[in-house]
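The values are calculated or read from the model by the stated rules, or taken from the named source; none is laboratory data. Here the structure is a predicted model, which means the values were calculated and not measured. Here the Cβ is made from the backbone with ideal geometry for all residues, glycine too, and neighbour counts use every protein chain on show. For accessibility, only protein heavy atoms count, side chains too; no ligands or nucleic acids. Shrake-Rupley method; radii C 1.70, N 1.55, O 1.52, S 1.80 Å.
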Amino acid sequence: MDLDKSMIGIASKPYIAEVDRERVTRFAQAVGDENPLYFDETYAADTAYEGMTVPPTFLVALGSNAKFPLKLDFKRMLHGEQEFIYHKPVRIGDRLECTMTVTDVYDRVGKSGTMQFLVLDTEMKTEDGVLAAVSRNTIIYRPAKKGAN
Amino acid sequence: MKAITKIPFSELHKEMQLPSLAKPPVTHEQLVQYAQASGDLNLLHTDDAFAKSIGMDGVIAHGMLIMGFLGQYVQELAGTEAIVSKFNMRFGAMTKPGDAITCSGVVKQLIEIDGKRVAELELNAEKAPGERVGTGSATLTCKIEND
């Protein structure tokens, strides 16, 4: 199945992602990011964040629960670009309500033919309904191999 | 923590080359740790035999791990005065175990939004001089009033 503009607006069911302390610690350790902002409350209180937060890319670790309603060929998908937009700091202990939506579908002509792009925005809201962050994933959808369905 | 980048926000200026962050070489063990920590369990990143079966020389790093390195870098640049309000990366060449990534950045613009000082940075991740594995940008918003 190829992409088309009619997919814009299709959204996942909302799901809850918990910002678990142990998971944040393991994530920071795997990256080798030892910033005390993620584990030292006293240090973090004196920063612009006014308290502990999570590594800037941690939000991807929360996305693995999304059940996406598009049937796409994973072998054709390539992660092209990633963006995080922070409206307010994400806190350890937050329960974020996440909804993934197709926000754009477009074509671009490159060396190996026409490539399709799919933009997926995951909006993350805190329990009081305030938008905390958006994780924007741009997927390159490569042309189907000739002879394959 | 190696405090590489304690630059007061007020000292940032346009076209300023920021101090770089040299990460230790990526290891196979780190890819296994990152797979578990991030939930990206694609065997392409952790299983050499699987990677070879799909025509690769061996495992390659998760693109998001490299973005994690750039994330560490921008969060250090934000220091205690600023927050990272926007952060973006476009993935380039592949990273393999043994590759050592260096993160670097340049201040592209200093502007004011809603009375707050904002720095727009251009970011680069390279595995060797000129061999880009990712390019990106970040927006730092200063929370300290300008005096």
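Among the residues that make up the stretch A:55-65, is at least one of them open to solvent by 50 Å² or more (accessible area, probe 1.4 Å), over 20 Å from the mean Cα position of the chain (by Cα) and at the interface with chain B (Cβ under 9 Å from one of its Cβ atoms)?
Looking through the stretch A:55-65, none of the residues is open to solvent by 50 Å² or more (accessible area, probe 1.4 Å), over 20 Å from the mean Cα position of the chain (by Cα) and at the interface with chain B (Cβ under 9 Å from one of its Cβ atoms).
Mind checking which pairs have a first residue in the stretch B:36-57 that is farther than 17 Å from B:T95 by Cβ and a second that is assigned to a loop (DSSP other than H, G, I, E, B), Cβ under 7 Å, 6 or more apart or different chains?
These pairs meet every condition: B:K52/B:G58.
Is one or more of the residues making up the stretch B:129-136 more than 9 Å from every other protein chain (Cβ to nearest Cβ) and either open to solvent by less than 30 Å² (accessible area, probe 1.4 Å) or more than 20 Å from the chain's Cα centre (by Cα) (or both)?
Looking for residues that are more than 9 Å from every other protein chain (Cβ to nearest Cβ) and either open to solvent by less than 30 Å² (accessible area, probe 1.4 Å) or more than 20 Å from the chain's Cα centre (by Cα) (or both), one finds at least one in the stretch B:129-136, hence yes.
Give the number of residues within the stretch A:85-101 that are open to solvent by less than 70 Å² (accessible area, probe 1.4 Å), part of a strand (DSSP E or B) and either in contact with a Leu (Cβ under 6 Å, 6 or more places away or on another chain) or charged (D, E, K, R) (or both).
Adding up the residues that qualify gives 1.
Please enumerate the residues belonging to the stretch B:29-79 that are under 23 Å from A:D20 (Cβ atoms), more than 7 Å from chain A (Cβ to nearest Cβ) and part of a loop (DSSP other than H, G, I, E, B).
Once the filter is applied, which keeps residues that are under 23 Å from A:D20 (Cβ atoms), more than 7 Å from chain A (Cβ to nearest Cβ) and part of a loop (DSSP other than H, G, I, E, B), the stretch B:29-79 yields B:D40, B:L41, B:N42, B:T46, B:H62.
A:A48 is checked against (1) open to solvent by 30 Å² or more (accessible area, probe 1.4 Å); (2) in a loop (DSSP other than H, G, I, E, B); (3) within 8 Å of chain B (Cβ to nearest Cβ) and fails just one. What number does that condition carry?
Result: A:A48 passes all but (1).
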